[in-house]
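Comments concern the structure below.
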Amino acid sequence: MVTGLVLVRLSAGKEKTVLQRLKQAPGVAHVSAVFGRWDLVLDMETEDLPSLSNTVVSDIRSIPGVLSTETLVTTVL
């Protein structure tokens, strides 16, 4: 299993509609709204790295109102 954080920047006024769509995206375990450069932080859980990448590119970035993302793959120290 691969876990990661996806930082999401949104268009103003699109927060509610984007949030509804993100909660339905595969692999999204939790969504947090934050203040600062990013608007949302998604906790992701997928089978493997290609699945995480595909979800971000195909499912998350394609949502109208999502301006940009940054994906942080977690690791064990």
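Using the 10 angstrom Cβ neighbour count as an exposure proxy, how do VAL6, VAL76 rank, fewest first? Mind dumping the intermediate values first?
Details: VAL6 25, VAL76 4.
With the sparsest Cβ surroundings first, the list reads VAL76, VAL6.
Please give the helix 15-24 orientation as an angle from the longest Cα principal axis of the chain, in degrees from 0 to 90, rounded to the nearest 10.
Between the helix axis and the principal axis of the chain, the angle is about 30 degrees.
Most exposed first by the Cβ proxy, i.e. fewest other Cβ within 10 Å, how do VAL28, VAL41, VAL56 rank? Walk me through the intermediate numbers first.
Working: VAL28 19, VAL41 15, VAL56 22.
Taking fewest neighbouring Cβ atoms as first place, the list is VAL41, VAL28, VAL56.
Let me check against my output: what whole-number percent is the relative contact order of the chain, with C-alpha pairs under 8 Å and at least 6 apart? Display every interim value, and only then the final one.
Numbers: 129 pairs, mean separation 37.5, N = 77.
About 49 percent, as a whole number.
GluC sites (Glu not before Pro), restricted to the chain: which are DSSP loop and have at most 11 other Cβ atoms within 10 Å? Before the final figure, lay out each step's value.
Details: sites: GLU15, GLU45, GLU47, GLU70; in loops: GLU47.
Counting only loop positions with at most 11 other Cβ atoms within 10 Å, the GluC sites (Glu not before Pro) in the chain are GLU47.
Laboratory data are not the source of any read-out in this text; all were calculated from the coordinates shown. Bear in mind the structure is a predicted one, so any value in this text is a computation, not a measurement. Ideal geometry is used to build each Cβ from the backbone, glycine not excepted, and the neighbour counts take in all protein chains shown.
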